[in-house]
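Novice: I'd like to ask you about the structure that follows.
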């Protein structure tokens, strides 16, 4: 009789179960069921890694607290459900992080002992909170599991407010993802390909903005278990820069002191010659010519400053040797033998927006300053002006071809982050494109890499397309180069007199049928 009963027990043996709960929850249920019960049996819940290992013991309808681990005293209960006596589940109240572990449900009668099931309990910290600073290129929303997951596991990231939205699904194909994913997140999300093997199911969200604030849920479906983890994302403004605080303090002191500092800063920023150049140009010439046949031992140093603080060496000529500053390698050049000719001008190749600032050229011999010149360099974002309805070309022709496996991505960050166009592995990746630009973009050159032409054509532009566009060359996740352009689309129905009289490019106007 005893062997028959044991065989019945074995047929009811359940697979291991996983249960997850957040710390601070009211309670958590550890499931255990049998096909039928025998008389005079004892049910024991244990945790093998503890001493004593007994978590809860029940004989017939009575709990037996003797031998219970003190950590669980007063926190465990088994259902006294006469309608369903086969339910041997254990309720654990106020779960703590230290409760994480493996729990066994064991039934015994005299000398016969059988483990019915084991439950893997994981107690997590309450909802994770993640902050991202304004202007960040991406943010990672964490979601971790303790072990590798089955190959058929699916992962879904979602948001519930302001309306339910699907943020990302994994695994996905380029054809399926756009059908499930909300358009607001199109082209902005990514998970690692080996996520199931590593257990790292974190989501990378590109170009986070204030509109991304909210609660995100990572749902893991293994087929037998469904696990969830919540993440709260908070987008925060950039703190007021220290240098700006210092500058305003100096300005306030200068006003109180009678305006002496104000006059100095006015001279420093306004009373210097300004050189303007568009970003992406081949080079810019910062001119400084003085008397020829300067002392042989003289030194020429070009330095750059922003708002008068922290000078950075751009280029130096000393002892007949010319060398660029650490941050300007291969981008600066002076004429040969500048001391003889008196031409101390500097050529800066491939000017970028961050090169803008006050440039100070100092000619000195030892500690004696022989001559000095200040000038301002302003590197502007190139502008492209078109009329509504006329195809716009956002130009970028590089002097170095992009890497063979590079991705070319045109994007906008205002009024919200948008993917305008993506070119990868010799083809256009239209599934990553924001819906607003679908069917309206193409690369100007059929082979952008070979011809080094990354220009983008935008069909039928409207005033809503006006703004700053960024073209980014990426190799895997590494940014190789970027270029910014500003597009100005003019509404031909609302043109100012100055623009109409001063603009050399003819505007296209619609002429409808006219009555006789």
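Novice: Evaluate E = 1/(1 + (r/R0)^6) for residue 383 and residue 192, where r is the Cβ-Cβ distance and R0 equals 30 Å; express this FRET efficiency to the nearest 0.05. Walk me through the numbers before you get to the answer.
Specialist: Working: r = 39 Å, r/R0 = 1.31.
For residue 383 and residue 192, the calculated efficiency is 0.15.
Novice: How far apart, in nm, are the 7 Å Cα→Cβ label points at residue 71 and residue 337?
Specialist: Rounded to a tenth, the inter-label distance reads 8.4 nm.
Novice: Points 7 angstrom from Cα along the Cβ direction at residue 40 and residue 368: gap in nanometres?
Specialist: Label at residue 40, label at residue 368, 11.6 nm between them.
Novice: Taking 0.36 nm per intervening residue step and subtracting the Cα-Cα distance, what contour gain separates residue 180 from residue 486 on full extension? Let's see the in-between values first.
Specialist: Numbers: separation 306, 0.36 × 306 = 110.16 nm, distance 3.28 nm.
My answer for the length gained is 106.9 nm.
Novice: Give the value in nm², to one decimal: projected area of the alpha carbon convex hull of region 128-236, averaged over all directions.
Specialist: 6.6
Novice: Also, I was wondering about something else. Would you mind giving the three semi-axes, in whole Å and largest first, of the ellipsoid equivalent to region 52-91 according to its Cα gyration tensor? Mind showing how you got there, number by number?
Specialist: Values: eigenvalues 80, 20, 11 Å².
Semi-axis lengths for region 52-91 are 20, 10, 8 Å.
Novice: Let me ask something additional. Taking only the alpha-carbon positions of region 383-490 and ignoring solvent, what does the Debye formula give for the base-10 log of I(q)/I(0) at q = 0.13, 0.15, 0.22 Å⁻¹?
Specialist: Rounded to two decimals, the profile gives -0.43, -0.57, -1.26.
Novice: Same structure again: Note down, for region 345-429, the three equivalent ellipsoid semi-axes (square root of 5 times each alpha carbon gyration tensor eigenvalue), biggest first, whole angstrom.
Specialist: Working: eigenvalues 325, 68, 30 Å².
Result for region 345-429: semi-axes of 40, 18, 12 Å.
Novice: Here's a follow-up. If you take every DSSP beta bridge fully contained in region 272-380, what fraction is antiparallel? Give it as a percent rounded to 5. Walk me through the numbers on the way to the answer.
Specialist: On the way: 34 of 40 bridges.
Once the DSSP bridges in region 272-380 are tallied, antiparallel ones form about 85 percent.
Novice: In nanometres, what is the gap between the two model label sites at residue 435 and residue 110, each 7 Å from Cα along Cα-to-Cβ?
Specialist: Each label point is offset 7 Å from its Cα along the Cβ direction, giving 7.1 nm.
Novice: May I pose another question? May I ask you to list the residues of region 420-460 whose amide nitrogen lies under 19 Å from a point 7 Å from Cα along the Cα→beta-carbon direction of residue 352?
Specialist: What the label zone holds, given the 19 Å backbone N cut-off, is 454.
Novice: At 0.36 nm per residue, minus the direct Cα-Cα distance, what do residue 79 and residue 144 gain on full extension? Give it in nm, one decimal, please.
Specialist: So the extension gain works out to 20.2 nm.
Novice: Something else now. Between region 108-163 and region 387-453, how far is it from one alpha carbon centroid to the other, in angstrom?
Specialist: 38
Novice: Another question about this same structure. Per q in 0.23, 0.30 1/Å, what log10 I(q)/I(0) does a Debye calculation on the alpha-carbon atoms of region 391-439 return?
Specialist: Ignoring solvent entirely, the Cα scatterers give -0.99, -1.22.
Novice: Still on this model: Distances over 26 Å make up what percent of all Cα-Cα pairs in region 265-412?
Specialist: 37
A short reminder: the numbers here are calculations on the coordinates, not readings from a lab. Predicted model only: the values in this text are computed from it and were never measured. Counting neighbours? That spans all protein chains shown, and the Cβs are built from the backbone with ideal geometry, glycine included.
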